[in-house]
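Chemist: A single structure is presented below for examination.
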Amino acid sequence: MKEIMRRSVSLAAALVLGAALAGAVSAQTLTIGVRAGPDSMDPHWSSLGSHAEALRHIFDTLVMTDENLKLKPGLALSWKAIDETTWEFKIRPNVKFHDGSDLTAEDVKFSIDRIPAVTGPMSATIYTKQVKEVVVVDKLTVHVKTRAAAPTLPNDFIRLFVVSKSIGADARNDQFNSGKAAIGTGPYKFVSWSPKGDLVLDRWDGYWGAKQPWAKVIRKEIPNDPARIAALKSGQVDIVNYVPATDYAAIKNDRSLETTLADSIYFFNVIPNVNLKLPRPAKVDGKEITVNPLRDPRVREALDLAIDRKTLVRVVLEGIGRPANQLMPISFFGSSKNVPESVYDVPKAKKLLAEAGYPKGFEIDFFCTNNRLPGDSAVCEALSQMWARAGLKVNANAINSTVFFPAQQKGEYSLWMSGWGTVTGEASYTYGSLVHSADPATGLGASNKAGYISPAVDKLLEDGAKTLDDNKRRALFERATEVSMADRAMVPTVQLQTIWAAKKGLVVIPPRLDQETLAYEIKPGKK
């Protein structure tokens, strides 16, 4: 009897110890050091990747993607086209908002209808531009009616964040930022947020998906690269994103740390303003000129020819990247193998400038971010120096993204560089936003602030967007790529690669093509 009692006590102790250990694991806090954070707690406020990445923890999207950007069910359990201009989305049942209320089709309709009314710095209407009307069929079914055939609508909806209808149509930034309106269905609940500081989240145990191992997640915005790496080494954070190329070798050789390297969808593109009048006039011999030299295709070609992309990758990015000749990875739907590789030819660039009437070049201001994507300011400065070899005086201005993007959206720059990633994996998202002429009525060209207009490119993109046959649609998008790149509507420079670093053995990070660092995909390591 005593032996049985001893075994019972030992078993009970083991169970208590096991429960305690399990509790310790489930009570873990994951602290992530990120280069850039959200602009608001309103998921519809901005289309920037850093904004979407943060808000995914609180709000779910109708359609989700895996690490390779393959579509998978999100709040929509399934979807199908029921006629040429109608998509049916079946909403996942038994999903709760963080306030305990049920998710219904009314919330989905409310979210789609709300987006055009939100006036943030980077409009999210690029994800709803094809939508004409949303009809609630029943509690868990919506029909999304489109302006024309829209074969890529599910791709657009990977950033269609669903908010609760209960927040009301008048919910504004201050209500989201205080947490009052930050009511999602995601794996984590809002606790607090300091702009440009910490976003603190608690696990939502009522989440419809897999239970999360992290009881608390803290996303610390640390835009300064050395400070972010120092925070990792000192133990202030567990993971950092966007490890600078200059620190990669040292971190790889640090036995207390480990790294994850992967290709990304992000490209640095130079955008020449081709409007009739420049917001910041160019100068010749120190005097402002009234004409816009960037309207001349020979000048845009000269800018392209003067860029030494191999040096940008090898020296400036220290090998962490690839030369680029178009706006998307070559494997994406609508990229073209017919776009020629970019050539570095300074003598030809000088010749073209002379033919265009600028034998001694000209002076122009050039803007970029210094805290959004790895290497942005370094590439910006390097481009300025490369163009100097062709006789141009390009004044590089690398500034904080909170200043850069509002000014860029207002059309205040003559020449700028910006990072862009094709999060949907297909051309209508990127080329339809960046090089289609700006058309507020259709939402096309929403991010075209350079004034580029090509009726031929517009028609190719519009025809492609409503063509249901994949092969025919691909051919149209490929031709739009070829024409716009020949025009130098934008000048791609490099495709980035992404590096994460973490304490050795602490976590397992699945690298994503979209570079997102998502706590709900990060698992505890074996440390």
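Chemist: Under the Karplus relation 6.51 cos²θ - 1.76 cosθ + 1.60, θ = phi - 60°, what is the ordered set of whole-Hz ³J(HN,Hα) values for region 321-331, x standing for Gly and Pro?
Modeler: x, 9, x, 10, 10, 8, 8, 9, x, 4, 7
Chemist: So, one more: Given the rule -39500 (n - 2.57) for each run of at least 4 DSSP H residues, summed and divided by the residues of the chain, what is its mean residue ellipticity at 222 nm, to the nearest 500 deg cm²/dmol?
Modeler: Working: 14 runs with 146 residues, N = 527.
It comes out at -8000 deg cm²/dmol, rounded to the nearest 500.
Chemist: For V507, list long-range residues whose amide hydrogen, built 1.01 Å from N in the peptide plane, is under 5 Å from its own amide hydrogen.
Modeler: Result for V507 returns G525.
Chemist: Cross-link list K96/K503; K310/K410; K70/K472: which exceed 23 angstrom alpha carbon to alpha carbon? Please list the in-between numbers first.
Modeler: Details: K96/K503 35 Å; K310/K410 33 Å; K70/K472 21 Å.
The answer is K96/K503; K310/K410.
Chemist: Can I ask one more? Between the DSSP loop rule and a limit of at most 12 other Cβ atoms within 10 Å, which GluC sites (Glu not before Pro) in region 349-407 are left?
Modeler: In loop regions of region 349-407 (DSSP not H, G, I, E or B), there are no sparsely surrounded GluC sites (Glu not before Pro).
Chemist: Right, something else. Checking the a/c ratio against 1.5 first, then a/b against b/c, what shape does the Cα gyration tensor give for region 125-255? Display every interim value, and only then the final one.
Modeler: Values: a/c = 2.37, a/b = 1.78, b/c = 1.33.
It is prolate, given that a/c is not under 1.5 and a/b is the larger ratio.
Chemist: Might you work out the accessible area of W45 for me, using a 1.4 Å probe with all protein chains in place, and round it to the nearest 10 Å²?
Modeler: About 60 Å², rounded to the nearest 10.
Chemist: Let me ask something additional. Between 0 and 90 degrees, rounded to the nearest ten: what's the tilt of helix 470-486 against the longest Cα principal axis of the chain?
Modeler: Helix 470-486 sits at roughly 50 degrees to that axis.
Chemist: Counting other Cβ atoms within 10 Å of each Cβ, which trypsin sites (Lys or Arg not before Pro) in region 263-345 have at most 13 and sit in a DSSP loop? Intermediate values should be presented prior to the final figure.
Modeler: Numbers: sites: K277, K283, K287, R295, R298, R300, R309, K310, R314, K337; in loops: K277, K337.
Passing both the DSSP loop test and the Cβ count: K277, K337.
Chemist: Turning to a different aspect of this structure: Per residue, how much accessible area does the chain show when a 1.4 Å probe rolls over the protein heavy atoms, in square angstrom? Write down the numbers at each step before the final one.
Modeler: Numbers: 21790 Å² over 527 residues.
Accessible surface, normalised per residue, equals 41 Å².
Chemist: Turning to a different aspect of this structure: Roughly to the nearest percent, how much of the accessible area of region 106-161 is carbon and sulfur, given a 1.4 Å probe? Before the final figure, lay out the partial values.
Modeler: Details: 1000 of 1860 Å².
Answer for region 106-161 is 54 percent, counting heavy atoms of protein chains only.
Chemist: Follow-up question, since we're still on this one. Could you go through region 235-241 in sequence order and give the Karplus-derived ³J(HN,Hα) for each residue, using 6.51 cos²θ - 1.76 cosθ + 1.60 with θ = phi - 60°, rounded to whole Hz, and x for Gly and Pro?
Modeler: These are the phi-based 3J(HN,Hα) values: x, 6, 10, 8, 9, 10, 9 Hz.
Chemist: Please give the solvent-accessible surface of Y248 in Å², to the nearest 10, using a probe radius of 1.4 Å with every protein chain present.
Modeler: Estimated to the nearest 10 Å², Y248 gives 40 Å².
Chemist: Tell me, what % of the accessible area of region 447-487 is carbon and sulfur with a 1.4 angstrom probe? It would help to have the intermediate numbers written out before the result.
Modeler: Values: 1000 of 1980 Å².
Within region 447-487, the accessible surface is 51 percent carbon and sulfur.
Chemist: Once both axes come from the Cα atoms, what is the angle between helix 376-388 and the longest principal axis of the chain, in degrees from 0 to 90, rounded to 10?
Modeler: The angle comes out near 10 degrees.
Chemist: Sorting check: for 482-492, 168-178, which peptide has the highest mean count of neighbouring beta carbons within 10 Å, and how do the rest follow?
Modeler: Result, highest mean first: 482-492, 168-178.
Chemist: By per-residue mean of other Cβ atoms within 10 Å, what is the highest-first order of 263-271, 188-196? Please report the intermediate quantities before stating the final value.
Modeler: Details: 263-271: 23.1, 188-196: 18.2.
Listed from highest to lowest mean packing, they are 263-271, 188-196.
Chemist: Further question: On a C-alpha basis, how far is the centre of region 332-357 from the centre of region 125-202 in Å? Whole number, if you could?
Modeler: 41 Å
Chemist: Just need log10 I(q)/I(0) for the chain at q = 0.05 Å⁻¹, Debye formula, equal scatterers on the alpha-carbon atoms, no solvent, rounded to two decimals.
Modeler: Per q value, in the given order, log10 I(q)/I(0) is -0.22.
Chemist: Tabulate in residue order the Karplus-calculated ³J(HN,Hα) for region 340-346, using 6.51 cos²θ - 1.76 cosθ + 1.60 with θ = phi - 60°, rounded to whole Hz; enter x for Gly and Pro.
Modeler: So the Karplus estimates, Gly and Pro as x, are x, 4, 5, 10, 9, 8, 5 Hz.
Chemist: Next up: Using the per-residue mean of other Cβ atoms lying within 10 Å as a proxy for protection, in what order, highest first, do the peptides 154-162, 108-116 fall?
Modeler: Details: 154-162: 24.4, 108-116: 20.0.
My ranking of the peptides, most packed first, is 154-162, 108-116.
Chemist: Compute the acute angle (0 to 90°) between the alpha-carbon long axis of helix 225-234 and the principal axis of greatest extent of the alpha-carbon atoms of the chain; round to the nearest 10°.
Modeler: Helix 225-234 sits roughly 20 degrees off the main axis of the chain.
The values are calculated or read from the model by the stated rules, or taken from the named source; none is laboratory data. Because the structure is a prediction, the values reported are computed rather than measured. Glycine also receives a Cβ, built like all others from the backbone with ideal geometry; neighbour counts cover every protein chain displayed. Surface areas here come from the heavy atoms of the whole protein model, side chains and all, with no ligands, DNA or RNA. Shrake-Rupley method; radii C 1.70, N 1.55, O 1.52, S 1.80 Å.
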